[in-house]
Amino acid sequence: MSTVGHRFRGVIVVSGDEKTQSKIDQAKGKTKETVGRAVGNERLEAEGGAEKTKGDAREAKEKIKDVFKH
């Protein structure tokens, strides 16, 4: 299990699990996307969408790995 560290608002979020990291990426992305839409900031909305998609892709990769483990 590898440890992944990400800086978010000056705090390092550490996740030793890819599934957890995918959920973090999805939540951060959804939040940015929603805030961007609410304040009319297209860049923030797009950034959030991209981050959410990254989390979705990471989650899909982990599900595929799980299929081949069992």
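The values are calculated or read from the model by the stated rules, or taken from the named source; none is laboratory data. It should be emphasised that the depicted structure is a prediction, and the values quoted were computed from it without experimental measurement. With ideal geometry, Cβ positions are generated from the backbone for all residues, glycine too; neighbour counts draw on all protein chains shown. Keep in mind that these areas ignore ligands, DNA and RNA; they rest on the heavy atoms of the full protein, side chains included. Shrake-Rupley method; radii C 1.70, N 1.55, O 1.52, S 1.80 Å.
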Next on the checklist: I'm checking my understanding of the structure. Among residues of region 16-25 that are of a type outside the set (G, A, S) and open to solvent by less than 30 Å² (accessible area, probe 1.4 Å), which one is modelled with the lowest pLDDT?
Outcome noted: Q21
Checklist entry - Is it true that some residue in region 7-15 is modelled with pLDDT under 95 and open to solvent by less than 50 Å² (accessible area, probe 1.4 Å)? => result yes
Checklist outcome for this item: When region 30-70 is checked residue by residue, the ones that are surrounded by fewer than 16 Cβ atoms within 10 Å (Cβ to Cβ) and hydrophobic (A, V, I, L, M, F, W, C) are V35, A38, V39, A46, A50, A57, A60, I64, V67, F68
